[in-house]
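S.K.: I'd like to ask some things about the structure below.
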Amino acid sequence: MADPATAVPSRPTPLAARAPGPDLARGLMLLFIALANTHYFLRGPSVLGGYPRGGSGVDAAVVWFISTFVDGRAFPMFGALFGYGIARIADRQRERGPRAVRRLLWRRGLVLVVVGFAHAVLLYAGDILAAYGVLLLAGAWAVRWRDRWLLAVALLFFLVTALPDGASSTVGTDPPDVAMLPPDVLTMIVTRAQASLYVALLGPLGFVCPFLIGVWAGRRRVLERPELHLTALRVAASAGIGAAVLGAQPVALVLAGVVAPPARPLLESLGSLHDATGTLGGLGYAAALSLVAVRLRARAPGPVLLAITAAGQRSMTCYLAQSVVWALVFTPFLLDLSGTLTVATTALLAAGTWLITVVVADRMRRAGHRGPFEVLVRRVTYR
């Protein structure tokens with residue numbers, strides 16, 4: 001009898017066979033990722049939550065919007081979609097046996113670590129790809145856990161990360177550090193190499209909950225067959241997004257300058273509330289966009305939705321392309337605009353950059369090309 005590890009071919013899913021819901025969610029959330037990342041580059045006399053204080057009324061409105069709907073909400077959604085994708089990969093490869101599946105996932109995790117480390121050192125110190133890779137190296141075992149273990153561990157990590165934490169960037173008062181804005185190339189390489197190790201090793205802790213929820217949902221193909229889970233998706237969307245919006249208000253109003261900052265212990269507790277409800281909001285976003293995909297199935301998608309979905313299919317390439325712009329615009333020995341741009345103009349830069357990546361991704365779709373980094377990950381994963 002042939003060895004199943006060699007008899008069953010391992011291949012990625014063709015683009016035409018992919019479910020539209022997850023890709024649409026990834027494509028749209030890339031806009032939120034851009035908005036979430038860029039304001040942390042800005043300098044000012046005083047900073048709170050990554051936002052310079054004392055801006056214009058337009059700046060305050062943008063701060064409120066981003067801190068309510070974006071900060072701490074987009075990344076958990078990507079964590080859930082990451083877990084969902086891993087569950088689907090494991091399911092498609094199950095005939096190869098558990099050991100072969102783990103090795104396949106470990107290869108995927110390793111290439112994410114390598115690309116993420118290079119990304120952090122050369123472009124953006126806040127890279128999350130390496131953290132995803134580390135999470136996958138450990139999470140490869142989780143694809144075989146029973147459902148109750150997945151949900152129990154997810155709940156445990158949710159409760160732990162919801163505890164008050166003075167290190168939360170949501171209410172941090174530190175300006176951009178030298179790893180974000182290095183004065184020269186040597187300092188950039190040294191400081192970012194150190195920072196990337198810290199983020200890669202500790203960052204996965206914040207993604208464990210949405211990752212495991214994503215694995216659980218992936219087993220049921222919830223986002224690929226949303227019409228079979230309409231009630232659950234509606235509850236998740238309304239409850240998750242509602243909790244995220246309400247839970248963000250105490251911090252969002254402080255960051256926008258509407259109310260004065262409270263005492264530090266209370267502010268840290270409010271920051272933890274903001275972060276915890278953000279995890280629920282990320283899950284709610286994924287559910288809401290899957291419901292949108294259900295409505296779109298009844299008709300042919302228009303060019304805009306096709307373009308956003310194309311960006312989601314090439315989300316890693318688009319994410320890295322954003323960092324090229326941030327490096328050019330904010331690095332002190334390049335354009336050095338971190339002290340010139342405001343919160344509002346930086347948000348416009350983020351939106352414009354996202355729009356360009358969507359256009360480029362759509363051109364790649366029309367030409368029948370995957371993203372170059374998606375090709376790299378698949379070649380290493382599937383050999």
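The values are calculated or read from the model by the stated rules, or taken from the named source; none is laboratory data. Since we're looking at a predicted model, the values are computed, not measured. As a convention, Cβ positions derive from the backbone with ideal geometry for all residues, glycine included, and neighbour counts pool all protein chains shown. When the accessible area is computed, the model is the full protein with side chains, heavy atoms only, and any ligands, DNA or RNA have been set aside. Shrake-Rupley method; radii C 1.70, N 1.55, O 1.52, S 1.80 Å.
Listed here are the residues, each with its yes/no results for (1) touching a residue at least 24 places away in the same chain (Cβ under 8 Å); (2) open to solvent by less than 10 Å² (accessible area, probe 1.4 Å); (3) closer than 26 Å to Ala195 by Cα; (4) in contact with a Cys (Cβ under 9 Å, 6 or more places away or on another chain).
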position	(1), (2), (3), (4)
Gly57	no, no, no, no
Leu81	yes, yes, yes, no
Ala100	yes, no, no, no
Arg103	no, no, no, no
Trp106	yes, no, yes, no
Leu110	yes, no, yes, no
Leu129	yes, no, yes, no
Val143	yes, no, no, no
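S.K.: From the list Leu341, Leu335, Leu328, Leu348, which residue is over 25 Å from Gly79 (Cβ atoms), open to solvent by 50 Å² or more (accessible area, probe 1.4 Å), modelled with pLDDT of 95 or more and in a loop (DSSP other than H, G, I, E, B)?
M.R.: Within the list Leu341, Leu335, Leu328, Leu348, the selection yields Leu335.
S.K.: Okay, moving on. Determine the pairs where a residue that is over 25 Å from Arg221 (Cα atoms), located within the stretch 21-39, has a partner that is charged (D, E, K, R) and open to solvent by 10 Å² or more (accessible area, probe 1.4 Å) with Cβ atoms under 8 Å apart, the partner being 6 or more residues away or on another chain.
M.R.: Cβ pairs passing all conditions: Ala36/Asp71.
S.K.: When the residues of the stretch 181-218 are narrowed to those that are open to solvent by 30 Å² or more (accessible area, probe 1.4 Å) and in a loop (DSSP other than H, G, I, E, B), which ends up farthest from Gly54 (Cα to Cα)?
M.R.: The extreme case among them is Asp184.
S.K.: Hey, does the stretch 124-140 have a residue that's among the acidic types (Asp, Glu) and either touching a strand residue (DSSP E or B) at 6+ places or on another chain (Cβ under 8 Å) or at pLDDT 90 or above (or both)?
M.R.: yes
S.K.: Gln322 is checked against (1) at pLDDT below 95; (2) surrounded by 19 or more Cβ atoms within 10 Å (Cβ to Cβ) and fails just one. What number does that condition carry?
M.R.: Of the numbered conditions (1) at pLDDT below 95; (2) surrounded by 19 or more Cβ atoms within 10 Å (Cβ to Cβ), the odd one out for Gln322 is (1).
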